[in-house]
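Undergrad: Below you'll find the structure I mean.
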Amino acid sequence: MELPEGYRAEIFEGAIEVSPTGRLSHAHIVNCLRNALVRFLGEGEYAAFQAANVIHQRKGWTPDLLIAPEDLDAHGHEEELGVTASAVSLIVEVVSPGKRNQDRDRVRKRREYARAGIPVYVIIDDYDNSGTVSILTAPLPERARYEDEHRVPYGTDALVPEGPAKGFVIGEDITGPKRA
């Protein structure tokens, strides 16, 4: 599918969605987060990736950031469309403005990532009150939901509880302070 510059396509719950890429603040948060994760993960087996497709069954997503093994070739989809969801240990989405985009990141992606068994889903949301970070764990694929959710306002440290990023803190240095 050929898309206009600045747009991306993803498949959610059987429908193709075309959306613009994020705003400058969106890019800033993702870049700060990726840089911090690169330092945190060091020279280990896992790495942080941006603009990498995640493939589960016949569905594909392009999350803002993900953690997967450094050697993506060993975990690539057979048609080289992206990395298989089973290799992804953490996905981060930074919520985009607009009700449709917010529903996509907060609701539809949450269900899709739970269905795929992604162990940790992080939602960084400028549009929830004065900004929140939600860390969802314990996916229940058959129910398309996460069993555990830890949600904190900007300005409060959010700790990744498991996986290669266990102990990583998402705080003001990434999100900025609590918004008034």
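Undergrad: For the stretch 34-52, indicate whether the set of residues that are closer than 19 Å to residue 108 by Cβ, among the small types (Gly, Ala, Ser) and either in contact with a helix residue (DSSP H, G or I) (Cβ under 9 Å, 6 or more places away or on another chain) or modelled with pLDDT of 80 or more (or both) is non-empty. Can you show your working first?
TA: Restricting attention to the stretch 34-52, the residues satisfying the condition of being closer than 19 Å to residue 108 by Cβ are none.
Checked the stretch 34-52: no residue is closer than 19 Å to residue 108 by Cβ, among the small types (Gly, Ala, Ser) and either in contact with a helix residue (DSSP H, G or I) (Cβ under 9 Å, 6 or more places away or on another chain) or modelled with pLDDT of 80 or more (or both).
Undergrad: Something else: Given the options 126, 157, 148, name the one that is among the acidic types (Asp, Glu) and touching a Phe, Trp or Tyr at 6+ places or on another chain (Cβ under 9 Å).
TA: From the options 126, 157, 148, the qualifying one is 126.
Undergrad: Being small (Gly, Ala, Ser), over 16 Å from residue 119 (Cα atoms) and in contact with a strand residue (DSSP E or B) (Cβ under 8 Å, 6 or more places away or on another chain) is the filter here; which residues of the stretch 44-65 pass it? If you could, list the steps in order and put the result at the bottom.
TA: Quick first cut of the stretch 44-65, residues small (Gly, Ala, Ser) only: 44, 47-48, 51-52, 60.
Now narrow it down to the ones that are over 16 Å from residue 119 (Cα atoms): 44, 51-52, 60.
Those that are small (Gly, Ala, Ser), over 16 Å from residue 119 (Cα atoms) and in contact with a strand residue (DSSP E or B) (Cβ under 8 Å, 6 or more places away or on another chain): 52, 60.
Undergrad: Next question. Could you run through the stretch 35-67 and say how many residues are under 12 Å from residue 165 (Cβ atoms), of a type in the set (Gly, Ala, Ser) and free of Cβ contacts under 8 Å to residues at least 24 places away in the same chain?
TA: Counting residues in the stretch 35-67 that are under 12 Å from residue 165 (Cβ atoms), of a type in the set (Gly, Ala, Ser) and free of Cβ contacts under 8 Å to residues at least 24 places away in the same chain gives 3.
Undergrad: Do you know which residues across the stretch 50-73 are surrounded by fewer than 20 Cβ atoms within 10 Å (Cβ to Cβ) and outside any loop (DSSP other than H, G, I, E, B)?
TA: 59, 60, 69, 72, 73
Yes or no, residue by residue, for (1) exposed (fewer than 15 other Cβ atoms within 10 Å of the Cβ); (2) aromatic (Phe, Trp, Tyr); (3) without any contact (Cβ under 8 Å) to a residue 12 or more places away in the chain:
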| position | (1), (2), (3) |
| --- | --- |
| 85 | no, no, no |
| 101 | no, no, no |
| 125 | no, no, no |
| 160 | no, no, no |
| 165 | no, no, no |
| 168 | no, yes, no |
| 172 | yes, no, no |
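Undergrad: Additional query: Residue check: is residue 140 over 26 Å from residue 172 (Cα atoms) and surrounded by fewer than 20 Cβ atoms within 10 Å (Cβ to Cβ)?
TA: yes
Undergrad: Does residue 177 fit the bill of being closer than 21 Å to residue 35 by Cα and either at pLDDT below 95 or not in a helix (DSSP H, G or I) (or both)?
TA: yes
Undergrad: Still on this structure: Go through the stretch 103-123 residue by residue and tally those that are part of a strand (DSSP E or B) and in contact (Cβ under 8 Å) with a residue 40 or more places away in the chain.
TA: 2
Undergrad: Select, from 8, 115, the only residue that is over 28 Å from residue 172 (Cα atoms), more than 12 Å from the chain's Cα centre (by Cα) and modelled with pLDDT under 95.
TA: 8
Undergrad: For the stretch 120-137, indicate whether the set of residues that are within 14 Å of the chain's Cα centre (by Cα) and of a type in the set (Asp, Glu) is non-empty.
TA: Taking every residue of the stretch 120-137 in turn, at least one turns out to be within 14 Å of the chain's Cα centre (by Cα) and of a type in the set (Asp, Glu).
Undergrad: In the stretch 87-99, which residue that is among the aliphatic types (A, V, I, L, M) and over 16 Å from residue 175 (Cα atoms) is surrounded by the fewest Cβ atoms within 10 Å (Cβ to Cβ)? Spell out how you get there, then give the answer.
TA: Going through the stretch 87-99, the residues among the aliphatic types (A, V, I, L, M) turn out to be 87-88, 90-92, 94-95.
With the extra rule that they be over 16 Å from residue 175 (Cα atoms), the set shrinks to 87-88, 90-91.
On the way: 87: 19, 88: 28, 90: 26, 91: 25.
Of everything passing the filter in the stretch 87-99, 87 is surrounded by the fewest Cβ atoms within 10 Å (Cβ to Cβ).
The values are calculated or read from the model by the stated rules, or taken from the named source; none is laboratory data. Computed from a prediction, not measured in an experiment: that's the story for all the values here. All Cβ positions, even for glycine, are placed from backbone atoms using ideal geometry, and neighbour counts span all protein chains on display.
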